[in-house]
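Data first, discussion second: the structure below is written as structure tokens.
The values are calculated or read from the model by the stated rules, or taken from the named source; none is laboratory data. Quick caveat: nothing in here was measured; it's all calculated off a predicted structure. All Cβ positions, even for glycine, are placed from backbone atoms using ideal geometry, and neighbour counts span all protein chains on display.
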Amino acid sequence: MTDPAEAAAPLLRVEDLYVSFAKGRSAVQAVAGVSFDIYAGETLGLVGESGCGKSTTGRAIVQVEKPTSGKITFDGTELTTLGRGELRTLRTQVQMIFQDPISSLNPRRRVNDIVAEPLTIWKIGTKEERATRVNAMLDSVGIDPYIAGNRRPREFSGGQCQRISIARALVLQPKLLVCDEIVSALDVSVQAQILNLLEDLKAAHGLTVLFIAHDLAVVKNVSDRVAVMYLGRLCEVAPSDLLYEVPAHHYTAALLSSAVEPDPETTRTPVILAGEPPSPINPPSGCRFRTRCPRAEPRCAAEVPELRTIAPGHQVACHFPIGS
Amino acid sequence: MTAPLLEVTDLHVRFATPRGDVHAVQGVSLELAQGRTLGIVGESGSGKTVLSRAIMGLLPRHSAAMTGSVRFDGTEILNAPDRQLRKLWGTQIAMVFQDPMTSLNPVQRIGHQITEHVRIHLGVGRDEAKETALSLLMQVGIPSPVERYGSYPHQLSGGMRQRVMIAIALACAPRLLMADEPTTGLDVTVQAQILNLLSTLQRDRQMAMILVTHDLGVVATRTDEIIVMYAGNVVERAPTDVLFREMSMPYTEALLRSMPRISNPSHTRLDSIEGRPPDLINPPAGCPFAPRCPYAQSRCHNEKPPLVEGAVPGHSYACWFPIS
């Protein structure tokens, strides 16, 4: 784990990212001006509810979705201006794992071939060297290559398929791993296995991770820092323990109070948010959360709150943060 | 003590498959009194959904063989003819399903879907039914019910659709509400809203409620009693506070320990449960959890433990070597 303050340049820098999708004559602004850094060796959690743009942000980073504007700098290289060939080379460094482990594996191919495919495409090593690497990779994610290697994905459970997806993502030894809701389809006991595995692999391979999820407890468990998103914008970024202890944004506080804990003596009473998230086609003026915020004032409608630092490493986008 | 509203005795459910019979529910007994809430917790494949559908009489008769007894208000309803069940469904027992999108008819306005139900079961006229429907929409917290009355399901968000489902379920004032994963797939803030709504309605109407879920967090503060299921068996049953404080079954302990918690610092190592649940076509001879249990001894592998009473009234567990 690298202390963000000590690290010189971040491994990934996202600056003022916008992603819009055309919808009829209007446009949906899925991501509207998001900026954050991820430092080498850290895990940044990106949390938010459905439709907040967290997955779109992840997809824009690996350039599956073309950003409308903004800059994404990975390891000193600006990604949004790269040509196809250069981007393709760079993609070996940035890998993504998706939510549904079963549909993200080709059902007709054998596990060995699925994990070897990135190596085959890049013609890395001889056939024997590739096989050795695949076996070692499968072994490190807890799949026995000699028993399981010749089987097809349908013979595996969701948790095992997710392990295979992780092996495939890591076989090229990427620097950055983007995990999009990788445990939300799994049972809790399997979820724990995958989360522990991710922590082990991160340590073993020196990975940097962007961990996108909706489950606050899961995000806290794996992240060094957490960023909270609402309706296309970041609300708050802080070291995990700090964010969960003293949230400064009213949305973060509401989100935390709504989370259920397996403890009947829990004393938290959820702050029930009024209404529903507004449409991203026609977002509220000023602060996007103001229509549901308990502290909203006229200034919130007039002025967009920028992300500002309120404590070392703690940034919040709110005119009237909690505790101010 | 008055007779329980629902009494299930030694219920078995078997499904015929080409590989053999899947014994999905293996002798489950439970009672539920008027006005009480029971949580049924288990991972995927534990039989919790099959159990709830068997109680409702919703399993396909041609493929599911059911034995045992399900008595509702003193009347045997297991394997009862549809004619008899139709008089119970909606008016006496109602169900809220997991997926509010596919449970609603996509080509009918939601107002019609509520009034249809009211008119058939209560035999009231069109205008009276509409009034009832509007008051129900109000009760479940749908803003501007008059406008929403004419909406189609796709025009509503997931949380709103689930509210409509709850309104339909409550339309004829059932005495038992069966909620199968009512908040899975909803955002945390919406989940808190829906769970609060269900608790309030249950209390106000003195309904009995069964909350089926995979999430111990959901049932921790909202049930009187919890049943933990594993591989088709009830492995532990206790009043809610007793279960969390003095669990006796290693599976319950393992399940609870594998859950990440917001109250724990980040990077807390999770205790995952290794292995996977047994095959229900050839269930193991002994305790179904024995192959994954850290405390298992030879007796556990050979002899299936019965559900026995613990020291606290209402607490029972199926384990030869309970945690003390």
Quiz item: Can you tell me which residues in the range A:91-135 are more than 16 Å from A:Gln162 (Cα to Cα), in a loop (DSSP other than H, G, I, E, B) and of a type in the set (S, T, N, Q)?
Solution: A:Thr92, A:Gln93, A:Thr126
Quiz item: Can B:Glu7 be described as of a type in the set (Asp, Glu), modelled with pLDDT of 95 or more and either in the same structural domain as B:Glu225 (by TED's automatic domain parsing) or crowded, with 16+ Cβ neighbours inside 10 Å (or both)?
Solution: yes
Practice problem: For residues that are hydrophobic (A, V, I, L, M, F, W, C), away from chain B (no Cβ under 14 Å) and over 15 Å from the mean Cα position of the chain (by Cα), tally how many sit in the range A:161-191. | Solution: 5
Quiz prompt | Residue match in the range B:122-132 (condition: assigned to a helix (DSSP H, G or I) and modelled with pLDDT under 90) | solution = yes
Quiz item: Tell me, which strands (runs of 3 or more DSSP E) lie completely within the range B:1-108 with 1 or more residues that are of a type in the set (Phe, Trp, Tyr)?
Solution: B:6-17, B:64-72
Quiz item: Within the range A:281-324, which residues are among the polar types (S, T, N, Q), in a strand (DSSP E or B) and free of Cβ contacts under 8 Å to residues at least 24 places away in the same chain?
Solution: A:Thr309
Exercise. Pick out the one residue from A:Ala169, A:Ala192 that is buried (at least 22 other Cβ atoms within 10 Å of the Cβ), in a helix (DSSP H, G or I) and touching a residue at least 40 places away in the same chain (Cβ under 8 Å).
Key: A:Ala169
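For every residue, the table says whether it meets (1) exposed (fewer than 14 other Cβ atoms within 10 Å of the Cβ); (2) at pLDDT 95 or above; (3) among the charged types (D, E, K, R).
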{"site": "A:Asp37", "(1), (2), (3)": "no, yes, yes"}
{"site": "A:Thr43", "(1), (2), (3)": "no, yes, no"}
{"site": "A:Glu49", "(1), (2), (3)": "no, no, yes"}
{"site": "A:Arg91", "(1), (2), (3)": "no, no, yes"}
{"site": "A:Phe98", "(1), (2), (3)": "no, no, no"}
{"site": "A:Ile114", "(1), (2), (3)": "no, yes, no"}
{"site": "A:Lys123", "(1), (2), (3)": "yes, no, yes"}
Quiz item: Does the range B:253-263 hold any residues that are more than 7 Å from chain A (Cβ to nearest Cβ) and touching a residue at least 60 places away in the same chain (Cβ under 8 Å), and which are they?
Solution: B:Glu253
